[in-house]
Amino acid sequence: MSRKSAKQSVKGATREGNGVSTATDGDRGPGRGEAGGDDGCGRGGENRRKPRPRDGTSGADGRGNCGDADNGNNHNNASNNSCSNSGSKGNSSSGNRNSKGSINGKGNNSSCGNSDSTGNSSNNKGNNNGKGNNSSRGNRDSTCNSSKGNSGHKANRRQGGKALAGGQRWQRVLWQQTGLGDSYVDEERFLEGLQLNTRVRLVPYAQLIKHSTAVTQQVAVATLYLQVFSQLLQGRISSDTVCAACAAAAAAALAVYSVCVLPRGTSSAPQPRADIAAGLSELAISAGALYFVSPILRTLTEPWADDTLTTVCVLLFVVNLATSDYSSAGDFAKETVSVNSASVASVLLASRFEEPGAGFATIALAVLLFTASLPFRRFLRVSYPDAWFALTWLLVGSCFASFVAVDACWAGAFAAVVAGITFAIPAWFNYEQRVAKMQINGPWDEARPTNCAAAAEWDTAGLLT
Amino acid sequence: MGERIQLEAGRAAPARRYKICLVSDFFFPGFGGVETHIFCLAWCLKRAGHRVVIVTRAYNNDRQGIRCITGGVKVYYLPLYSASFPHGVSTLPTTLDLLPWLRHVFIRESVDIVHGHQTTSNMCQEAMFHATTMGIPTVFTDHSLFGFADASSIHINKVLEWSLQAVQHVICVSHTARENTVLRAKKRPSDVSVIPNAVDPAKFQPEVSIAESETWRDIFERQRRSLEKVTVVVITRLVYRKGADLLVDVIPSVCAKHPNVDWIVGGDGPRLLQIEQMIEMHNLHDKVELLGAVKHDDVPGVLRRGQIFLNASLTESFCIAILEAAASGRVVVATEVGGVPEVLPSDLLILAPPDPKALADGVTAALGRFPSVSPWAQHRRVAAMYNWEDITARTMTVYAKVADTPPPPLHERICHNLALGLVYGCLCAGITALHHFVWLLLKFVSPADGIQKAPELPAFDDLDGTAPGEYGKVRNDGEQ
């Protein structure tokens, strides 16, 4: 079933059994539009399936929910009012043990002098019989209370649970039978620990577009290369033009880099002047070598049919696009697979030319676009994001212009692909996140140990699924 | 079927006797909660007058074929290839592989109800599926909790959703587990019962040398032992899930706060090295004793060596270890996860969040509480709360509920399957149809009449009043 109907079936699963009316905004989850931060706090009523009364007793609910959504921070906020609740506070067994953000209950221990609710689990709520009468057992240890303080937000369970004979209420316990049957579903307490979409981070559409521009840029780069190659092959451009354009672009990038970076230096390039000098000399050597080697290239793919070559190059470029690192924090040196596949493709394509000059031009262009431009683009993205954004559209524009000059059909296709990647797919993603996302958390989740270095080591090593 | 049989004085047989087939990948000689549950359930069902057969996979080089276990319960160790999965060793996921085997077993044993155990057991899912194809009512018991977000859980949940569509009734071992199952498999809550596990009080009890009303204070006085010289016992697999990393922080902090406390850590696993390093770093060689892997038969003895039991698991749907420790009269400290808070009342169980500091505080609280605890009184209480006969009686209620409702017919099942999703639904419906077809083929190739029905083995109970010459004869008391 579709995710939407799955959501409804989850609601139905609870409804059928217990007739509960779910929270108003059930399907939509928490209020949307907050970028980055969790908005679980203060939205307890909407997040949860069952709205909670906003009285003092469940002020702790909001806090609890807050803390749970707060990914591991220890909340020590104004929950102390919950401590002053007499008697009923205790800690419910079904409490929001949302362990991933489990609150360190220390926040409300020392101030809690509750004598009759220390160390209680919910099974003692409203039970004034001899069972677990704490005061008689001397279990006033406030440390006990602290250890369970974090589920104190599930405080007042007096209202919950079906009333049974003898003034007791149905409890979520296994050691006591109520006579209502094992398949009895308590309307108020079933799925009380369920949390829907409490930790969903919604990214606004504008930011999504910015992120997807990285993909568009790489697509534009690849398309530009292929377009220049085809023009060269058809003889519409001369190889000298291409070489000159490459040199000019390289010089421009170098100029920008030296103006912006050299005066300051960057953390990864403490000696930019020396680096640039070294890089230029390497570039000169390899360019020279390439120029002299390029006549040999001609025979590389001679026996290949055009179709084979096209297929192979398309696959290689797909690999390039698929394995490029589009995140803003990546190190370009790790993009080995993508760079290599593009280089291989360019060598194969360069071998199609009769005159070696064109082959050299193609490879030079490929090196510029796929290898040398990576650090420059990364630098732009980190330091001047607007310029980087503009560069993308410059590349897209030039591609589009070259397509228009050749064939309107290709131009249209290219425009559609770019629009799809940059605008349509983020819009779809946005829609799915807001409508169909159903993140389920509850007491059944595996707990995340807090303040535990050994467990954190497991986590950071990426060994936890 | 249908007669009342008086087995023992005071224990009346159920009004109807069923032939129950318990199916799971996990059974003895493997060991765990599921295995114990199946064994105890089979034993108690047999004593209650039902007829039981267990079907499980072969344990290579160890057990294959048909065996009988205590009480006259037959166990089929089917010769199937099994592999080690993250959740345990089970048979490979197939759909048609077991159909001929299970059909043969079900017909031969005249099975009335098929009861499968554990989500991660492939045999269980297949058995329930084939039983539904054959028109036998099915019951399913889920013993674990699963998440919703990681890849393996998503797949398991999808399969479970399909699998539980045709199951008449589901049993979960705690309220949290029921909520988890309802959400995962989208099952109606009223079709899911909560029937917990239990503990064998004869096996897990305090030392016989302790008198009935003695508290730990009295015992320590008698032994001329300081109340501070307490031993904390931890018996767990040393893996992340069971909170072994928490132990690394809890043990030193407790030892620092209470210098006279000793620790016994039983169990083996990948985190053993971590524990050993911790001992080295804090110089706790004389305080912490590592036992390595503890066999199940030795667990009661190890429990009796301590006064406090600590369980630091990060996820438990129903922690039997806690029950075992409580039944042994020990003070239990456990993390507040999953279904643990539902297991025992707060005066028998100290709960703490999965935080080393809080757990250390919990141990301190246990140290404060334990002098006034009377082991035998606690044992009696726990034994009264949880016993296998009661669990079995509740399970028999479930059996009675489903015995008369046959599974839905083929067309209904296919419609339900199609509702699972666009692609997945078609796949499931296709498999269901294929199974039906193969079943019809099998009916033609090896008809049910040609399969010899197995006689019922007499349980030792039934021998009372039997003449010596009749021992071993097939009793003809109305079995079909």
Would you pick out the residues in the range B:314-332 that are facing another protein chain (nearest Cβ under 9 Å) and under 24 Å from residue A:176 (Cα atoms)? B:315, B:317, B:318
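So which residues in the range B:99-154 are of a type in the set (S, T, N, Q) and under 24 Å from the mean Cα position of the chain (by Cα)? Before you say what the answer is, go through the steps one by one.
Narrowing the range B:99-154 to residues of a type in the set (S, T, N, Q): B:110, B:118-122, B:125, B:132-133, B:138, B:141, B:144, B:152-153.
B:118, B:119, B:120, B:121, B:122, B:125, B:132, B:138, B:141, B:144, B:152, B:153 - these are the residues of the range B:99-154 that are of a type in the set (S, T, N, Q) and under 24 Å from the mean Cα position of the chain (by Cα).
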Could you look through the range A:431-451, keep only residues that are hydrophobic (A, V, I, L, M, F, W, C) and within 12 Å of chain B (Cβ to nearest Cβ), and pick out the one that is farthest from the chain's Cα centre (by Cα)? A:444
Within the range B:335-366, of all residues that are under 17 Å from residue A:455 (Cβ atoms) and aliphatic (A, V, I, L, M), the one farthest from the other protein chains (Cβ to nearest Cβ) is B:360
Sort through A:366, A:408 and tell me the only one that's out of contact with any strand residue (DSSP E or B) (no Cβ under 9 Å at 6 or more places or on another chain) and surrounded by 20 or more Cβ atoms within 10 Å (Cβ to Cβ). A:366
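Looking for whichever is away from chain B (no Cβ under 14 Å), part of a helix (DSSP H, G or I) and either basic (Lys, Arg) or under 18 Å from residue A:257 (Cβ atoms) (or both) here; the options are A:404, A:396, A:417, A:367. Which one fits? Break it down into steps so the answer makes sense when it comes.
On the way: A:404 fails: either basic (Lys, Arg) or under 18 Å from residue A:257 (Cβ atoms) (or both); A:396 fails: either basic (Lys, Arg) or under 18 Å from residue A:257 (Cβ atoms) (or both); A:417 fails: either basic (Lys, Arg) or under 18 Å from residue A:257 (Cβ atoms) (or both).
After applying the criteria, what remains is A:367.
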Residue B:241 fails exactly one of the following numbered conditions: (1) at pLDDT 90 or above; (2) assigned to a helix (DSSP H, G or I); (3) in contact with an Asp or Glu (Cβ under 9 Å, 6 or more places away or on another chain). What is the number of that condition? (1)
Failed condition for residue B:407, given (1) facing chain A (nearest Cβ under 9 Å); (2) in contact with a strand residue (DSSP E or B) (Cβ under 9 Å, 6 or more places away or on another chain): (1)
Pairing a residue in the range B:378-404 that is within 11 Å of another protein chain (Cβ to nearest Cβ) and within 22 Å of residue B:206 (Cβ to Cβ) with any residue that is surrounded by fewer than 22 Cβ atoms within 10 Å (Cβ to Cβ) and of a type outside the set (Val, Ile, Thr), where Cβ atoms lie under 6 Å and the two sit 6 or more apart in sequence or on different chains, gives B:385/A:175
Can you go through B:233, B:208 and tell me which one is crowded, with 17+ Cβ neighbours inside 10 Å, more than 7 Å from every other protein chain (Cβ to nearest Cβ), among the hydrophobic types (A, V, I, L, M, F, W, C) and not in a helix (DSSP H, G or I)? B:233
Restricting to the range B:31-88, name every residue that is part of a loop (DSSP other than H, G, I, E, B), hydroxyl-bearing (Ser, Thr, Tyr) and over 22 Å from residue B:297 (Cα atoms). B:81
Which one of these does residue A:406 not meet: (1) under 21 Å from residue A:251 (Cβ atoms); (2) at pLDDT below 90? (1)
Check B:164, B:80 and return the single one that is more than 29 Å from residue B:196 (Cβ to Cβ) and either at pLDDT 95 or above or surrounded by 16 or more Cβ atoms within 10 Å (Cβ to Cβ) (or both). B:80
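Of all the helices (runs of 4 or more DSSP H) wholly in the range A:215-330, which have at least 3 residues that are modelled with pLDDT of 90 or more and at negative phi? Before the answer, list the steps.
Details: elements: A:239-260, A:272-297, A:306-323.
Helices (runs of 4 or more DSSP H) meeting the threshold: A:239-260, A:306-323.
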Would you be able to say whether some residue in the range B:261-278 is farther than 21 Å from residue A:449 by Cβ and within 14 Å of chain A (Cβ to nearest Cβ)? no
Mind checking whether some residue in the range B:125-135 is within 14 Å of chain A (Cβ to nearest Cβ) and either in a strand (DSSP E or B) or crowded, with 23+ Cβ neighbours inside 10 Å (or both)? no
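Look through B:62, B:112, B:25, B:97 and report the one residue that is closer than 24 Å to residue B:319 by Cβ and among the acidic types (Asp, Glu).
On the way: B:62 fails: closer than 24 Å to residue B:319 by Cβ; B:112 fails: closer than 24 Å to residue B:319 by Cβ; B:97 fails: closer than 24 Å to residue B:319 by Cβ.
None of the others qualify; the one that does is B:25.
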Filtering the range B:413-448 down to residues that are of a type in the set (S, T, N, Q) and more than 12 Å from chain A (Cβ to nearest Cβ), which residue is farthest from residue B:135 (Cα to Cα)? B:446
Restricting to the range B:168-203, name every residue that is more than 9 Å from chain A (Cβ to nearest Cβ), aliphatic (A, V, I, L, M) and in contact (Cβ under 8 Å) with a residue 40 or more places away in the chain. B:198, B:199
Regarding the range B:392-400, can at least one residue be identified that is surrounded by fewer than 22 Cβ atoms within 10 Å (Cβ to Cβ), at pLDDT below 95 and under 25 Å from residue B:212 (Cβ atoms)? no
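The values are calculated or read from the model by the stated rules, or taken from the named source; none is laboratory data. Source: prediction; values computed, not measured. Cβ coordinates were reconstructed from backbone atoms using ideal geometry, including for glycine residues, and neighbour counts include every protein chain displayed.
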